[in-house]
Amino acid sequence: MKFNLLADRDLPELASAFPSPFKITRYQNIKELQEALPYNNILLCRSTLKVDAALFQGNQVEWVLTASSGRCHIDELYLKAKNTKILDAKGSNANAVVDYVSFCLAALNAPIKDIGIIGYGEVGSRLYKKLLLLGYTNIITYDPFKKSPNARDLDSIFNCDLVCIHPNLHKDEPYPSYKLVNALLIQKRKPHQIILNAARGNVVDEEALLKYHQGIYITDVYANEPNINPLIINHATIATPHIAGHTIEAKIDSVRLLSIKLHKSLHLPCPNFTPHEPTSRGLTAGSSDVERFLYPAVKPRDVEVLVKPQDVGVDRAIINYNPLIETNQLKKDPTANMFLKLRKSHLRHAVE
């Protein structure tokens, strides 16, 4: 079998994650990608690339690897018909998204008594644990696919002061998440309720959100990215360019996780990775403890970087990253060019 890997040049640690027998070719744009496709059987991309028939132009690869938690940019039915295998990096940015929530709450500086979490996957479950450490006791969850603590229905979730949205985006019945937050739920909102969407734009019905103009909306994601709706940007109190999971450490972890998955799938020995803080905790070659490596236990020090119920105005999270800066830039120029520029230039470390 060939081990020719075509990879997005902006992804980190490619050489150490895919050593010999892999031969790496890097692409910078669609033109370079399509020119190199006939000579490569493995594609490693980011969520900004639409992976479908139009991309491949008749070429076929054996593996598609996405350094993303989601697959909504991939035409899975097309790849399945072509017998192309897919690997994703689901959960590799979970810590980064939880950090992002903390930064937004610190910037918002609003009193919160009860919290509802939609989606109890990698992000939702870690956010729940972190909020408990902070002393929030009134936390309920909704996830029809998983057993979650204090599970309630959506009506109960939308009675909370804060609703955090973290499900995968899908249209599968009987519990599609596509426009899950619809007009029926939005029009019942309390006047000062906060909705925070760090999942995918189409989990929320943006038209209904604009129609029932009440409450506070915080979002990192939008329908039709990068061609975002300027009215949503104007409506949102905090609006960032889909960067919630974009820490340097999360990007490294996504590549490392894909490396582990691919090596194991091909029955190759896994590379040894040098641990990095705070998301790494010592991965060794062949280790099956990937979850411990990517998602370490929550430490008491993490409490310092989230909004505490007892002293909302005294918080250090905002020192690490202030989402209002990118929000102001997007509000001044809510175009696709600005969205992509801010997303590409965004740079922050995981919370230490």
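Computed from the coordinates by the stated procedures, all read-outs in this text should not be read as laboratory data. Please read all numbers here as calculations on a predicted model, not as lab measurements. Note that each Cβ is placed from the backbone with ideal geometry, even for glycine, and that neighbours are counted across all protein chains shown.
The table below gives the values:
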{"quantity": "Furthest towards positive pole of dipole, Leu11, Ile195, Pro241, structure part the chain, Cβ charges", "calculated": "Leu11"}
{"quantity": "Square roots of five times the Cα gyration tensor eigenvalues for the stretch 94-201, Å", "calculated": "20, 16, 14"}
{"quantity": "Euclidean distance between Cα centres, the stretch 162-215 to the stretch 92-160, Å", "calculated": "15"}
{"quantity": "The chain - charge dipole about Cα centre, Lys and Arg +1 at Cβ, Asp and Glu -1, debye rounded to 20", "calculated": "300"}
{"quantity": "Cα-centre dipole for the stretch 96-159 with unit charges at Cβ (Lys and Arg positive, Asp and Glu negative), debye to 20", "calculated": "200"}
{"quantity": "Dipole axis of the stretch 26-67 (+1 Lys, Arg; -1 Asp, Glu on Cβ), positive-most option in Asn59, Asn40, Ile30", "calculated": "Ile30"}
{"quantity": "Lys, Arg +1 and Asp, Glu -1 on Cβ, resulting dipole of the stretch 98-244 about Cα centre, debye, nearest 20", "calculated": "320"}
{"quantity": "Convex hull projection area averaged over all views, the chain, Cα basis, nm²", "calculated": "17.2"}
